[in-house]
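Below is one structure, written out as C-alpha cells; the observations come after it.
Bear in mind these aren't lab numbers, they're just calculated from the coordinates by the rules spelled out. All values reported here derive from a predicted model rather than from experimental measurement. Cβ sites come from the backbone with ideal geometry, for glycine too, and all protein chains shown count toward neighbours.
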Amino acid sequence: MHIELIDESMTDKLGESLAKSCPEAPFLLTLTGNLGVGKSYLVRAFLKNLGVTGAIPSPTYTLCETYTIDRTLIISHMDLYRLQDPEELEFLGFREMLDEQGLLIEWPERAASFLPFPDLGLHLMWDGERRICTLAARSEKGEHWLSNLEVLNVA
C-alpha cells in the first residue's frame with residue numbers, strides 16, 4: 001500500500017490510523033527511510049494517538065524508550081542508527097521484548113539478520129516536497145493491521 005503524505009497533518013493522520021488499527025501486543029513494526037524523512041515524527045503521532053502523554057523523545061542516543069499505555073500495553077520505540085553490533089540488543093532484553101510488547105524499530109537494517117520479519121514494514125521516502133509511505137504486511141497479524149487501516153489517500 002502506498003500513501004501520499006503531503007504535509008505533517010497527513011503524517012499525524014497516518015499515525016492516528018495506525019494506532020486505531022493497532023493489534024494487541026506483541027507486534028513488530030519496522031520503519032525505514034533516509035535521515036530526516038519523518039520516521040520519529042510518525043512514531044510520535046502513533047504513540048500520542050494510543051494515549052501517551054508528555055514528551056516522546058527520539059531514542060537515537062538511548063537506543064530504546066519504553067511506554068506503558070493504560071497499564072496493559074507496553075510499547076518500546078527503538079532507533080538502531082547508532083547500533084554498533086546487533087548483539088547489543090541482547091543487553092536490552094530484546095528477545096523478551098519481542099515476546100511481550102509492541103516494538104517500533106527505526107533503522108532495522110542495522111540489526112541485520114538478528115531481527116525476525118516484522119508484522120508490518122513501513123518505508124518513508126521523499127518525492128519532491130511530499131513523502132510517500134509504503135506499508136507491507138509480513139505476517140497474519142500485519143495483514144489484519146493493514147486491512148483495518150483507514151486509508152488516507154492511495155498514491
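Structure notes:
- For the stretch 76-155 and the stretch 1-31, distance of Cα centres in Å: 11 Å
- Taking the stretch 89-110 and a reference point 7 angstrom along Cα→Cβ of Tyr81, the backbone N atoms nearer than 16 Å belong to 105-110.
- Candidates Thr66, Thr11, Thr32, ranked by Gaussian network fluctuation over the chain, Cα under 10 Å, top entry: Thr66
- Proxy reagent accessibility, fewest Cβ within 10 Å first, across His2, His144: His2, His144
- Only one residue of Pro86, Ile74, Leu18 has its Cα farthest out toward the positive end of the dipole of the stretch 2-138, where Lys and Arg carry +1 and Asp and Glu -1 on Cβ, and that residue is Leu18.
- Dipole of the chain, positive direction: furthest Cα of Leu98, Ala136, Ala45, with charges on the beta-carbon: Ala45
- Rounded to whole Hz, the Karplus (6.51, -1.76, 1.60) HN-Hα couplings of the stretch 82-92, x for glycine and proline: 8, 5, 8, 9, x, 5, 4, 5, 4, 5, 8
- Prolate/oblate/rounded label for the stretch 2-138 (Cα gyration tensor, a/c 1.5): oblate
- The lysines whose alpha-carbon is closer than 19 Å to the alpha-carbon of Lys39, local same-chain residues fewer than 8 away aside, are Lys13, Lys20, Lys48.
- Magnitude of the charge dipole for the stretch 2-138, about its Cα centre and with charges confined to Cβ atoms of Lys, Arg (+1) and Asp, Glu (-1), is about 280 debye.
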